[in-house]
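Trainee: Handing you this structure, nothing more for now.
The values are calculated or read from the model by the stated rules, or taken from the named source; none is laboratory data. Since the model is a prediction, treat every value here as computed from it, not as a measurement. Quick reminder, even Gly has a Cβ in these numbers, built from the backbone with ideal geometry, and neighbours come from all protein chains shown. Accessible surface is based on the protein model in full, side chains and every heavy atom, while ligands, DNA and RNA are left aside. Shrake-Rupley method; radii C 1.70, N 1.55, O 1.52, S 1.80 Å.
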Amino acid sequence: MKRHQVTIIDIAKELNLSKSTVSRALTGHKSVKPETRQAVLELAEKLDYQRNMLAISLITKKTNTIGIIVPEFKSSYFPTAIIGAQEVASKAGYTTVICQSDERYETEVANTRVMLANQVDGVLVSITKETLNYDHLKIFQRKGIPIVFFNRVCDEMEVPKVIVDDYDGAYRAVNYLIESGRKRIAHLAGPFSLKISEKRINGYKAALRKHNVPYDEELLISYDLNIEKVKIYVTHLLNLDNPPDAIFAVNDPTAIETIQVIRKRGLRVPEDIAVVGFSNDFVSGLIDPPLTTVSQPVREIGRTAAQLLIDQINREVADWKTIIKVLKTELVVRKSS
């Protein structure tokens with residue numbers, strides 16, 4: 001059976017209309033009579049007509065598609081941010097192409113090629129923990145394709161960015177632990193290659209300084225976010241001659257794994273060691289004990305990033321604006337602290 005894609009020509013012949021009338025009816029043009037438009041729409045649905053987006057893009061120079069590149073799907077953070085971005089994109093008439101990089105630089109580079117091949121009108125990006133070279137992302141700028149970073153950003157590129165106040169979130173988490181009576185607070189930090197790790201480390205240190213708590217470098221461990229290594233680092237902290245009485249983790253998956261390691265050692269959370277995370281992942285309120293964490297407005301991050309991107313798409317390149325949106329965090333106190 002020969003494959004046939006229904007076109008406006010088929011609809012026009014069936015209804016004895018011109019191609020231009022059918023085209024205007026499908027796009028809601030005011031010059032078409034309501035009864036004619038209704039007949040066109042009903043037949044289009046009956047014949048399962050699909051608009052030829054490739055042909056339209058050749059005329060308009062737009063695909064009405066935006067790309068989203070994220071580093072991982074292991075936590076609920078990036079799926080939730082994508083949902084927020086898609087809400088805004090869909091309302092504005094855009095579809096999305098989504099790629100995840102599995103925390104690998106090479107995969108991220110390949111993902112940018114996918115976006116270019118799909119001729120996206122713009123791209124939202126959160127970089128991997130390995131990304132130190134940004135040439136593959138600068139290609140978008142050179143081609144006049146707007147790019148917006150969110151969560152994990154590139155400081156080298158003067159483009160819109162959406163972040164949270166990581167410094168303040170970490171500061172408030174550690175400040176809370178100290179005011180709750182904790183004296184030796186360890187920090188399982190992310191890799192130094194990520195700005196979010198650096199800012200959370202600085203917030204951790206600032207809270208210690210405020211309360212005149214000496215900074216002990218053996219209590220700060222930066223790791224590559226490979227969750228399988230958490231057991232090694234937490235075990236190391238517990239084996240110290242003077243172990244911590246609290247652990248502040250760079251994110252919720254790290255904090256949750258930390259709780260499991262502590263409990264397997266026969267210690268109690270929070271009685272022996274308090275644990276605080278960062279992000280407020282969906283599972284964080286369901287574990288035992290529920291995790292105290294720094295909540296980020298993740299869905300709003302996605303919405304804001306998508307809106308900034310669409311604003312850029314609708315501007316001439318000369319009018320692009322470098323906007324940095326910093327959203328607030330909130331400390332959610334649960335039973336792990």
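Trainee: For the stretch 303-337, give me each residue that is among the polar types (S, T, N, Q) and part of a helix (DSSP H, G or I). Give the derivation first.
Mentor: So the first thing to find is which residues in the stretch 303-337 are among the polar types (S, T, N, Q), and the list is 304, 307, 312, 314, 322, 329, 336-337.
Those that are among the polar types (S, T, N, Q) and part of a helix (DSSP H, G or I): 304, 307, 312.
Trainee: Return only the number of the condition from (1) open to solvent by 20 Å² or more (accessible area, probe 1.4 Å); (2) among the hydrophobic types (A, V, I, L, M, F, W, C); (3) part of a helix (DSSP H, G or I) that residue 287 does not satisfy.
Mentor: (3)
Trainee: Kindly list the number of the only condition in (1) more than 23 Å from residue 161 (Cβ to Cβ); (2) modelled with pLDDT of 95 or more that fails for residue 78.
Mentor: (1) is the only condition that residue 78 fails.
Trainee: Additional query: Is it true that residue 108 is over 29 Å from residue 330 (Cβ atoms) and assigned to a loop (DSSP other than H, G, I, E, B)?
Mentor: no
Trainee: Turning to a different aspect of this structure: May I ask you to list the residues in the stretch 234-265 that are farther than 17 Å from residue 334 by Cα, open to solvent by 60 Å² or more (accessible area, probe 1.4 Å) and not charged (D, E, K, R)?
Mentor: Hits for the stretch 234-265 are 236, 239, 242.
Trainee: Can you name every residue in the stretch 85-103 that is modelled with pLDDT of 95 or more and either closer than 21 Å to residue 277 by Cβ or in a loop (DSSP other than H, G, I, E, B) (or both)?
Mentor: Answer for the stretch 85-103, where residues must be modelled with pLDDT of 95 or more and either closer than 21 Å to residue 277 by Cβ or in a loop (DSSP other than H, G, I, E, B) (or both): 101, 102, 103.
Trainee: If residue 175 passes every condition in (1) within 20 Å of residue 238 (Cβ to Cβ); (2) open to solvent by 10 Å² or more (accessible area, probe 1.4 Å); (3) not β-branched (Val, Ile, Thr) but one, which one does it miss?
Mentor: (1)
Trainee: Restricting the stretch 145-166 to residues that are open to solvent by less than 10 Å² (accessible area, probe 1.4 Å) and either over 15 Å from residue 320 (Cβ atoms) or among the basic types (Lys, Arg) (or both), which is nearest to the chain's Cα centre (by Cα)?
Mentor: 150
Trainee: Can you name the residue in the stretch 122-144 that is over 26 Å from residue 291 (Cα atoms), at pLDDT 95 or above and out of contact with any helix residue (DSSP H, G or I) (no Cβ under 8 Å at 6 or more places or on another chain) and is also surrounded by the most Cβ atoms within 10 Å (Cβ to Cβ) among such residues?
Mentor: Only one residue fits best here, namely 138.
Trainee: For the stretch 116-162, what are the residues that are touching a strand residue (DSSP E or B) at 6+ places or on another chain (Cβ under 7 Å) and aromatic (Phe, Trp, Tyr)? Can you show your working first?
Mentor: So in the stretch 116-162, the residues touching a strand residue (DSSP E or B) at 6+ places or on another chain (Cβ under 7 Å) come out as 118, 120-126, 137, 140-141, 145-151, 153, 159-162.
Within the stretch 116-162, 140, 149, 150 meet the criteria.
Trainee: Something else about it: Among the listed residues 169, 181, 203, which satisfies the condition of being at positive phi and open to solvent by less than 50 Å² (accessible area, probe 1.4 Å)? Talk me through it step by step, then tell me what you get.
Mentor: Values: 169 fails: at positive phi; 203 fails: at positive phi.
Matching residue, one of 169, 181, 203: 181.
Trainee: Here is a further query. Going by the conditions given, is residue 217 open to solvent by 10 Å² or more (accessible area, probe 1.4 Å) and more than 23 Å from the chain's Cα centre (by Cα)?
Mentor: Numbers: open to solvent by 10 Å² or more (accessible area, probe 1.4 Å): yes; more than 23 Å from the chain's Cα centre (by Cα): yes.
Yes, satisfied.
Trainee: I need every pair where a residue in the stretch 196-213 that is without any contact (Cβ under 8 Å) to a residue 24 or more places away in the chain has its Cβ under 7 Å from the Cβ of a residue that is open to solvent by 70 Å² or more (accessible area, probe 1.4 Å) and outside any helix (DSSP H, G or I), sequence separation at least 6 or different chains.
Mentor: As it stands, the answer is 198/192; 205/215, since those pairs meet every condition given.
Quick grid of which residues meet (1) basic (Lys, Arg); (2) within 24 Å of the chain's Cα centre (by Cα); (3) closer than 17 Å to residue 174 by Cα:
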position: 253; (1), (2), (3): no, yes, no
position: 280; (1), (2), (3): no, yes, yes
position: 306; (1), (2), (3): no, yes, no
position: 324; (1), (2), (3): no, yes, no
position: 332; (1), (2), (3): no, yes, yes
position: 337; (1), (2), (3): no, no, yes
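Trainee: Go through (1) farther than 22 Å from residue 88 by Cα; (2) assigned to a helix (DSSP H, G or I) and name the single condition residue 300 misses.
Mentor: Condition (1) is where residue 300 drops out.
Trainee: Here's another thing I want to ask about it. Given the conditions (1) over 18 Å from the mean Cα position of the chain (by Cα); (2) surrounded by 22 or more Cβ atoms within 10 Å (Cβ to Cβ), which single one is not true for residue 198?
Mentor: (2)
Trainee: Answer with yes or no whether residue 177 is touching a strand residue (DSSP E or B) at 6+ places or on another chain (Cβ under 7 Å) and either under 21 Å from residue 96 (Cβ atoms) or not in a loop (DSSP other than H, G, I, E, B) (or both). Step through it out loud before you land on a result.
Mentor: Numbers: touching a strand residue (DSSP E or B) at 6+ places or on another chain (Cβ under 7 Å): yes; either under 21 Å from residue 96 (Cβ atoms) or not in a loop (DSSP other than H, G, I, E, B) (or both): yes.
The answer is yes for residue 177.
Trainee: Turning to a different aspect of this structure: Report, by residue number, each residue of the stretch 107-127 that is of a type in the set (Asp, Glu) and out of contact with any Phe, Trp or Tyr (no Cβ under 9 Å at 6 or more places or on another chain).
Mentor: Taking the stretch 107-127 as the starting set, the residues that turn out to be of a type in the set (Asp, Glu) are 108, 121.
Hit for the stretch 107-127 is 108, nothing else.
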